[in-house]
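Before any comments, here is the structure.
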Amino acid sequence: MVMAMGGAMELWGTVEQSIVHYTGLSPATFFTVLAVALAFFHAISGFLESPPPPPPVRKEAEPLPPPVQLGEVSEEELRAYDGSDPNKPLLMAIKGQIYDVTQSRMFYGPGGPYASFAGKDASRALAKMSFEEKDLTGDISGLGPFELDALNDWEYKFRSKYTKVGTVKKDVPATDANASEITETSTQTTERGLDEVQAEHIVESKEGHPSVTVAKADDAPEAETEHVVEPKEVALEESTKE
């Protein structure tokens, strides 16, 4: 310990002699000048250092266009608004009512968790929380009370958050249309049959009573009426002759 301290003192004495010999300054003055020089260098290097790059500027999102009212559209026309075309609004329907969900493109747009619901009436899928293709329909027949309550909650959320822009046109099944045509055709056939029966009845009446003439409204303005000779008049004429 004593030897180490003695060696350190000898080293410090050697350093002092060297400072005085080479700089002509006392050790205290030398170290003061050295500290000032280091501080000056640090200050100058701070001014000469290039400034840090500015933080990246966030681009503000462009405002969404106002919702466009579509009115009544078919399910086929609604599929064109599934988000595949960025220039078209993103639409979705619940219980036949179409809503503009463009502001929630991250959820209903391509790649979103509910992207399969876009461009469709997904009432059944929302009620059952199903992503199966067979449930992506507006048919809600056969749903239970809990599923209908869940669907009503979804509808309330959409009505309070999104703008309604139209309704889904209900397609009439082909069988119903054919049935209507068949009913109309049978009605017309029945009416024609009744007209033909009436015409035949009139012809039979004319053949049974040849003295009676039937005139239509389309015939001559004044219909000629034949004089029917009663049996009493014939008997009176014969008695007079006698």
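Quick note: the coordinates plus some simple rules give every number you see, no bench work behind them. It should be emphasised that the depicted structure is a prediction, and the values quoted were computed from it without experimental measurement. Here the Cβ is made from the backbone with ideal geometry for all residues, glycine too, and neighbour counts use every protein chain on show.
Estimated at 0.36 nm per residue, the fully extended path between Leu25 and Ala37 surpasses their Cα-Cα distance by 2.8 nm. Only Cα pairs under 8 Å and 6+ residues apart enter the sum, and on that basis the relative contact order of the stretch 71-168 stands at 33 percent.
Label positions at Asp85 and Ser18, each projected 7 Å from the Cα along the C-beta direction, are separated by 8.5 nm. Annotation: peptides 112-121, 29-38, 125-134, ranked by per-residue average of other Cβ atoms within 10 Å with the highest first, follow the order 112-121, 125-134, 29-38. Normalised radius of gyration for the stretch 71-168, please: alpha carbon Rg relative to 2.2 N^0.38 Å, two decimal places. That works out to 0.98 for the stretch 71-168.
Between Leu70 and Met9, the modelled labels are 9.9 nm apart [label points 7 Å from Cα along Cα→Cβ].
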